[in-house]
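Here the structure comes first, spelled out in structure tokens, and everything after it is commentary.
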Amino acid sequence: MDTRADRAAHSDDGDHWAKVAVVLSPDPQTWKDRISRPMTALAFQRHLYYWYVAGPKERPQIGLARDWRKERAPVLEPGPYMSGMRWGWRILT
């Protein structure tokens, strides 16, 4: 099992940082049993949107956390096997 976790940190001066809390970690009870890197974060209108890659190595999916609350289901997944969309992504609704 992947035990890596992302942590929030705080700095008053931008040079010295203190870890605050674990904000994103694998969940073996869901599709997010494995979380890999890299990830992307966007601060927009006082909210933080954080996209991450999770799931089995053979079929990774992209998840979204808004203000560190993970969506239950992935927001993007790879196309069907042998469809020519192996590295393409489709939006899930």
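The values are calculated or read from the model by the stated rules, or taken from the named source; none is laboratory data. This one's a predicted model, so the numbers in the text were calculated from it and none came from an experiment. Positions of Cβ are backbone-derived with ideal geometry, glycine not excepted, and every protein chain shown enters the neighbour counts.
What is the residue count in region 16-39 for residues that are at pLDDT below 85 and either part of a strand (DSSP E or B) or of a type in the set (Lys, Arg) (or both)?
Pass one, region 16-39, residues at pLDDT below 85: 20-39.
Cutting the leftovers down to either part of a strand (DSSP E or B) or of a type in the set (Lys, Arg) (or both) gives us 20-24, 32, 34-39.
Going through region 16-39 one residue at a time, the tally reaches 12.
In region 16-27, what residues are out of contact with any strand residue (DSSP E or B) (no Cβ under 7 Å at 6 or more places or on another chain) and more than 15 Å from GLU71 (Cα to Cα)?
Result: HIS16, single match.
Tell me, yes or no, whether region 68-77 has at least one residue that is within 17 Å of ARG7 (Cβ to Cβ), at pLDDT 75 or above, part of a loop (DSSP other than H, G, I, E, B) and not charged (D, E, K, R). I'd like the intermediate steps shown before the answer.
We begin by selecting, within region 68-77, every residue within 17 Å of ARG7 (Cβ to Cβ); these are 68-70.
Filter once more, so that each one left must be at pLDDT 75 or above: 68-70.
Subset that is part of a loop (DSSP other than H, G, I, E, B): 68.
Pick out the ones that are also not charged (D, E, K, R) and you get 68.
Scanning region 68-77 turns up at least one residue that is within 17 Å of ARG7 (Cβ to Cβ), at pLDDT 75 or above, part of a loop (DSSP other than H, G, I, E, B) and not charged (D, E, K, R).
Quick check: anything in region 41-56 under 21 Å from PRO78 (Cβ atoms), touching a Pro at 6+ places or on another chain (Cβ under 6 Å), of a type outside the set (Ser, Thr, Tyr) and not in a strand (DSSP E or B)?
Within region 41-56, not a single residue is under 21 Å from PRO78 (Cβ atoms), touching a Pro at 6+ places or on another chain (Cβ under 6 Å), of a type outside the set (Ser, Thr, Tyr) and not in a strand (DSSP E or B).
Assuming ASP13 fulfils every condition listed in (1) at pLDDT 80 or above; (2) in contact with a strand residue (DSSP E or B) (Cβ under 6 Å, 6 or more places away or on another chain); (3) not hydrophobic (A, V, I, L, M, F, W, C) apart from one, which condition is it?
Checking ASP13 against (1) at pLDDT 80 or above; (2) in contact with a strand residue (DSSP E or B) (Cβ under 6 Å, 6 or more places away or on another chain); (3) not hydrophobic (A, V, I, L, M, F, W, C), the one that fails is (2).
Output the residue which, of all residues in region 41-65 that are closer than 13 Å to SER25 by Cα and of a type in the set (Ser, Thr, Tyr), is surrounded by the most Cβ atoms within 10 Å (Cβ to Cβ).
Ranking the qualifying residues of region 41-65, first place goes to TYR52.
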